[in-house]
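This report concerns only the one structure given below.
The values are calculated or read from the model by the stated rules, or taken from the named source; none is laboratory data. What you are looking at is a predicted structure, and each value in this text was computed from that prediction instead of being measured. Neighbour counts run over all protein chains shown; Cβ positions are idealised from the backbone, glycine included. Only protein heavy atoms, including side chains, enter the accessible area calculation; ligands, DNA and RNA are left aside. Shrake-Rupley method; radii C 1.70, N 1.55, O 1.52, S 1.80 Å.
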Amino acid sequence: MKKTSLVYGNFNILHPGHLRLLKFAKESSDYLIVAINSNKTTKDLNLFDEQTRLESIKATSYVDEAFILNEDILEYIKREKPFFIVKGKEHENEENLEEEILKEYGGKLLFTSGEIGFSSLDLLNKDFEINYSFINHSNEYIKRHNINKKQLERYIEDFSKLNILVIGDTIVDEYITCNPIGMSQEDPTIVVTPISSKKFIGGAAIVASHAKTLGAKVSYISVLGDDDNFKFTNTYLEELNINALLYKDSTRPTTLKQRFRAHNKTLLRVNHLKQHYINKEFEKKIISKIKKIKNLDLIIFSDFSYGVLTKNLIDTISEFAKKESIKIVADSQSSSQTGDISKFKDMDIVTPTEREIRLALNNFESGLVILSKKLHKKSNPKYIFTTLGSEGIMIYNSQENDLLTDNILALNTNAKDVSGAGDSLLTCSSMALAVGATIWQSAYLGSIAAAIQVSRVGNTPIKKEEILKELNF
């Protein structure tokens, strides 16, 4: 007997959380039916036209049948008797009226948040497409938000009006190109010979560099080691004409991440770092410096959990920014279990990865939208960009009378090096928001910046001319 799964809902904008739900439902059955609430039967004023929502569902590879639902879902279930009804994990502890009906004929109610970190079949198939340009614009997103090229160009030109402070952990990335010799005869070890090495600015320093090459006036504050990488960083930032306020801490080296690569593949990464917090003397000096910077428009926290951004610094700077009506944004990257994006309160934008938002909430079951709602409740960011690798970003908007969520698929599906994508997204998006762009326009400009960044190996500051060139939709 063929087992049928039923999924129902509004499906206003199909995002990765929906795809995960549909994938699970399809894999649990032989035939997947999706019922889409009609505009007449729902009171949500922000819903798109029902035919648009239907076409979006039909275009997915998991759905066998989809239709507009013009009756009570319970009546449909009684009549059609699907074997499974699949709902998001967030509904598991609620009253589910379908349950009694299912019991009558032996059906089952399943809950899932979907597989964390999967890539949908639709995304995987793009690997086999020939792309003559490395950026594929999201035309549906552009239409949904009435985005036009001239508007975006004006915002980019206005970047030069901004005065920005970036504060956080400095990282130096070293790429060591190797010649693979082969396998050791003594033990099963790959043997390589280093040929050349190249250093790049990373961490919060590349965020400051992006902001500068995109046109803003930039100040940068960080704490480094008393070593050669301090000199490398200081020289680099001076050449970009960034007002760098760098402090030397003899108790830590400047964080160095070495990548050993051969034939365009990374074989091994070695991190040289210490993660203890800076002392109170450094805190006092930094706070004093920040309060002397005049006419700031935007403060960017770039946190890698390596010790620069203490709780006292974050809270004090955040209060200062709110008092002075300065926009504040944050990214807290978690290479281990130590990062916590929720420690940044009342931000305008935060940009966690899915793993980082789950770590902050200690929640590894809920779907993406529920995670965003929980993070908003905990730390009150206005906008949350959950970054999802090849699935792009999911945008959560806490502001009333607008769409709650939307997503932008990755605009570059042929990435050479994904390191730095989040930094460029945060920098460009927050700058756009600071000059008056909507959150939807800001997210799109940030996505273009990320697509440019991953098109090359190593962190190289993005120039505004590069983004202007890619506005070809």
Checking segment 1-62 for trypsin sites (Lys or Arg not before Pro) in a loop per DSSP with at most 12 other beta-carbon atoms within 10 Å yields Lys2, Lys40, Lys43
What are the extents of the Cα atoms of segment 293-443 along their three principal axes, in Å, largest first? 41, 34, 34
Distance histogram in 10 Å bins (all Cα pairs of segment 148-198, percent per bin): 17, 19, 17, 18, 15, 11, 1
Whole-percent carbon and sulfur share, accessible surface of segment 218-344, 1.4 Å: 47 percent
Kirkwood-based shape ratio for segment 1-50, expressed as Rg/Rh from alpha carbons: 1.04
Output the peptides 320-330, 429-439, 138-148 sorted from most to least packed, where packing is the average of other Cβ atoms within 10 Å over each peptide's residues. 429-439, 320-330, 138-148
From the convex hull of the Cα coordinates of segment 35-117, what is the mean projected area in square nanometres? 6.8 nm²
Across 20 Å bins beginning at 0, the whole-percent shares of Cα-Cα pair distances in the chain come to 22, 51, 24, 3
To make sure I understand the rule: partners must be lysines, Cα under 29 Å from the Cα of Lys3, and not fewer than 8 residues away in the same chain. Which ones qualify? Lys23, Lys26, Lys58, Lys78, Lys81, Lys87, Lys89, Lys103, Lys108
Considering only C-alpha atoms, what is the centroid distance from segment 280-341 to segment 161-235, in Å? 21 Å
Cβ neighbours within 10 Å, averaged per peptide: list 166-173, 4-11, 307-314 in order, most packed at the top. 166-173, 4-11, 307-314
Convert each backbone phi in segment 459-473 into a coupling constant with the Karplus relation 6.51 cos²θ - 1.76 cosθ + 1.60 (shift: θ = phi - 60°), then list the ³J(HN,Hα) values in order as whole Hz, x for Gly and Pro. 7, 10, x, 7, 8, 4, 5, 5, 5, 4, 5, 8, 7, 10, 8
Near Lys81, within a Cβ-to-Cβ distance under 13 Å, what is the net charge of the other residues, with Lys and Arg +1 and Asp and Glu -1? +2
Starting from the amide H of Leu268, placed 1.01 Å from N in the peptide plane, find each other amide H under 5 Å away whose residue is 5 or more places distant or on another chain. Phe260
Once amide hydrogens are built 1.01 Å from N within the peptide plane, the residues lying 5 or more places from Asp249 or on another chain with amide H under 5 Å from its amide H are Leu224, Gly225, Asp226
Per residue, what volume in Å³ does the Cα convex hull of segment 195-295 take up? 117 Å³
To the nearest Å², the heavy-atom accessible area per residue of the chain with 1.4 Å probe amounts to 47 Å²
